[in-house]
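A short write-up of the structure that comes next.
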Amino acid sequence: MESAEVDEILHRIAHVYPLLSVTSVAATSSASRYEGSRDVSDGSTESVRKRSTVGAEPSSELGERHGTPPADEAARRGVVTHRVLQHLDFAKATDGGGLALELQRMTSDGVVSGDEADLVPRDGLEWFLGTPLAERIRRAGSQYRRELSYIAAESPTFFDPDVTCDASDFALVRGIVDGILLDDAGAEVVDFKTDAVSATGAEERAKRYAPQM
């Protein structure tokens, strides 16, 4: 075998794909996948990497938004509560009585079933309806936009800080914003969570969702 042929074979064997490191990041993914500075599976507070892998299973976010019920009851309660907040008339739901009437309307309109209406945390929603944020949503009227789909471009290093990539490389992130309040100062994102968490733990839990924001 000629020396040139040997050199060519060795070159091919030793060749490393120049974009190998960035293959750990999916070309497109869902924002709902990225939560967490804490691994809640074992209760540890050790920082965990936000991961996105090639060929990862698609997010169930869109299915849930359109009413596909997840198996887990807590997750199902969250999906139903988000659906109620999506269709809730804040001008009418100013207290518990107004909320009850709105749930009756949604049940009649087929937005939620009777069983799903029973899953809604009414005490929590009644509390929320009295908060300054709910009042701002009420005053905003049509300026409060709900369920806004978006696609954003992020550097692959956002998902995996160990990758090396060109400055022009990016990965697409799709998501749905629960609500956006628009005013002269700009746009404020409203993101509802239905986690069971104490008041003292709320701030720490909010940090878990910071990557989504």
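The values are calculated or read from the model by the stated rules, or taken from the named source; none is laboratory data. Being a predicted model, the structure only gives us computed values, none of them experimental. Cβ placement follows ideal geometry from the backbone for every residue including glycine, while neighbour counts extend to all protein chains displayed. Note: areas computed on protein heavy atoms with side chains; ligands, DNA, RNA excluded. Shrake-Rupley method; radii C 1.70, N 1.55, O 1.52, S 1.80 Å.
As for the range 153-163, it holds at least one residue that is over 18 Å from M213 (Cβ atoms) and open to solvent by 80 Å² or more (accessible area, probe 1.4 Å). Residues in the range 186-197 that are surrounded by 11 or more Cβ atoms within 10 Å (Cβ to Cβ) and over 16 Å from S32 (Cβ atoms): A187, E188, V197.
Of the residues V177, V163, V190, only one is at pLDDT below 90 and either aromatic (F, W, Y) or within 24 Å of A31 (Cβ to Cβ) (or both); which? If you could, list the steps in order and put the result at the bottom.
Numbers: V177 fails: at pLDDT below 90; V190 fails: at pLDDT below 90.
The unique qualifying residue is V163.
For the range 81-105, the candidate set comprises residues that are charged (D, E, K, R) and part of a loop (DSSP other than H, G, I, E, B); within that set, the residue that is most open to solvent (accessible area, probe 1.4 Å) is K92. Restricting the range 128-150 to residues that are of a type in the set (A, V, I, L, M, F, W, C) and in contact (Cβ under 8 Å) with a residue 40 or more places away in the chain leaves a set whose member that is most open to solvent (accessible area, probe 1.4 Å) is L133. For the range 1-26, a tally of residues being open to solvent by 80 Å² or more (accessible area, probe 1.4 Å), at pLDDT 65 or above and part of a loop (DSSP other than H, G, I, E, B) returns 6.
Considering the range 106-213, the qualifying strands (runs of 3 or more DSSP E), each wholly inside and each with 3 or more residues that are out of contact with any Phe, Trp or Tyr (no Cβ under 9 Å at 6 or more places or on another chain) and not aliphatic (A, V, I, L, M), run over 144-154. Looking only at residues of the range 170-185 that are more than 27 Å from T81 (Cα to Cα) and surrounded by fewer than 16 Cβ atoms within 10 Å (Cβ to Cβ), we find that the one that is nearest to the chain's Cα centre (by Cα) is L172.
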